[in-house]
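Below is one structure; the comments refer to it alone.
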Amino acid sequence: MVMQEDFEEYANKAKTLPPNQTNENLLIIYGLYKQATVGPVNTSRPGILNMKDRAKWDAWKAVEGKSKDEAMNDYITKVKQLLEEAGLPA
């Protein structure tokens, strides 16, 4: 499947993004990645004192209605955009 191969390629490229990415962008790609690889949220929401995991859970929950292919496509598009903004090859 071409989409799966492209998704895996961009998942690896996402690891090369500069560390100055905004939390918002990191949460967007996290949520899309989880939706594409795991599917709908399958855990309970972390407690209020666990802010980092709660934000990640919220980002995943925000894209819960997307199909696997939609999530993969949106993930690839977002990572491409972030790579281009950082001046790296997409």
How about K52: which aspartates and glutamates have a C-alpha closer than 18 Å to its C-alpha, ignoring those fewer than 8 places off in the same chain? E24
How much mean residue ellipticity at 222 nm does the chain get from its helices, if each DSSP H run of length 4 or more adds -39500 (n - 2.57) and you divide by all residues, to the nearest 500 deg cm²/dmol? -21000 deg cm²/dmol
Residue by residue through the stretch 37-49, the couplings from Karplus 6.51 cos²θ - 1.76 cosθ + 1.60 with θ = phi - 60°, in Hz, x for Gly and Pro, are 9, 10, x, x, 3, 10, 10, 7, 5, x, x, 4, 7
Run the accessible area of the chain with a 1.4 Å probe and give the carbon-and-sulfur part as a rounded percent. 53 percent
Per residue solvent-accessible surface (Å²) - the chain, probe of 1.4 Å: 63 Å²
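The values are calculated or read from the model by the stated rules, or taken from the named source; none is laboratory data. Everything quoted here is computed from the prediction, not taken from an experiment. All accessible areas refer to the heavy atoms of the entire protein, side chains included, with ligands and DNA or RNA removed. Shrake-Rupley method; radii C 1.70, N 1.55, O 1.52, S 1.80 Å.
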